[in-house]
1. Right, residue 39: surrounded by fewer than 21 Cβ atoms within 10 Å (Cβ to Cβ) and modelled with pLDDT of 95 or more or not?
2. If a residue must be within 16 Å of residue 270 (Cα to Cα) and in a helix (DSSP H, G or I), how many such residues does region 221-248 contain?
3. Report the residue count in region 46-100 for those that are in a strand (DSSP E or B) and closer than 27 Å to residue 116 by Cβ.
4. I'd like to check something: does region 249-261 contain any residue that is surrounded by 18 or more Cβ atoms within 10 Å (Cβ to Cβ) and out of contact with any helix residue (DSSP H, G or I) (no Cβ under 8 Å at 6 or more places or on another chain)?
5. Only one residue in 58, 78 is farther than 21 Å from residue 134 by Cβ, surrounded by 20 or more Cβ atoms within 10 Å (Cβ to Cβ) and not assigned by TED's automatic domain parsing to the domain that holds residue 238, so which one is that?
6. Kindly check whether there is at least one residue in region 208-216 that is modelled with pLDDT of 95 or more, assigned to a helix (DSSP H, G or I), under 21 Å from residue 35 (Cα atoms) and out of contact with any helix residue (DSSP H, G or I) (no Cβ under 8 Å at 6 or more places or on another chain).
């Protein structure tokens, strides 16, 4: 398990031995799909029932129960405990693992309710790797560098004959062709999720490129606002924890002690398990993102309306 791909495959096998259902997504999935050369992180979406077993597994790997001699730690990033109530509430847990003293650090990020996915991922896996559709949704982030990967995944899906590719394509010519091929019984649901599709026949290529720009900026800005909510919740919690003399975090303790420490602190100092549970909060995020997107690309209200996805698509 010395190389990144070997590590994730070996780790995935460990998960299977404990009946912890998880799918690989994001950057390493893009490596497997041939769209990236390398990545430092492995990102996993977990079935909620396996989250507590995963924490126990890390403890055993550190104690050498199975012959391993790992070192596992939380990372110095904002992120919630590796606990069901937090991962189901949309948080991410950021860990780092080292298989031996001489091994390199491996970053592990865990999701329960992943951004832009809800529970849909459970039906979308291929051999332990999230489908292109799932990975494309996760890559619709606030980072411009992720968007070529969205298009690359969609182009692969298009040539594989997957109708859902039309939800993610970013090139006008291929997008128009994919929409023309979309079966009639799928058109209404696809156009609801991606309103841009409904106006394709009435627009020339330049107009479509403009709408794609506005659409991408809308995704980026709403996701930025979502991120800021979680970031602020962590900052408020962490300040309260620091006033309680936390000291340095993460500590040098074994993982399970770290884990108990942060879980206890989260309860005592009020880290909210689900910051977006309230629909009014999600709507406020959506509205702020729309306003920011409109300002950044000088989009008129009518233009923005042509590409504005439903709230439950971007913030399920």
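The values are calculated or read from the model by the stated rules, or taken from the named source; none is laboratory data. Note that the structure is a prediction, hence the values are computed from the model and not measured. Cβ placement follows ideal geometry from the backbone for every residue including glycine, while neighbour counts extend to all protein chains displayed.
1. no
2. 15
3. Kept after step one, since they are in a strand (DSSP E or B), are these residues of region 46-100: 46, 71-74, 92-98.
Filter once more, keeping what is closer than 27 Å to residue 116 by Cβ: 46, 74, 92-97.
So the answer is 8.
4. Going through region 249-261, the residues surrounded by 18 or more Cβ atoms within 10 Å (Cβ to Cβ) turn out to be 255, 258-259, 261.
From what's left, out of contact with any helix residue (DSSP H, G or I) (no Cβ under 8 Å at 6 or more places or on another chain): 258, 261.
For region 249-261, residues surrounded by 18 or more Cβ atoms within 10 Å (Cβ to Cβ) and out of contact with any helix residue (DSSP H, G or I) (no Cβ under 8 Å at 6 or more places or on another chain): present.
5. Working: 78 fails: surrounded by 20 or more Cβ atoms within 10 Å (Cβ to Cβ).
Answer to the selection: 58.
6. From region 208-216, those modelled with pLDDT of 95 or more are 208-216; that's our starting set.
Imposing the further condition that a residue be assigned to a helix (DSSP H, G or I) reduces the set to 208-216.
Next, from what is left, pick out any that are under 21 Å from residue 35 (Cα atoms): 216.
Of the ones still in play, those that are also out of contact with any helix residue (DSSP H, G or I) (no Cβ under 8 Å at 6 or more places or on another chain) are none.
Among the residues of region 208-216, not one is modelled with pLDDT of 95 or more, assigned to a helix (DSSP H, G or I), under 21 Å from residue 35 (Cα atoms) and out of contact with any helix residue (DSSP H, G or I) (no Cβ under 8 Å at 6 or more places or on another chain), which makes the answer no.
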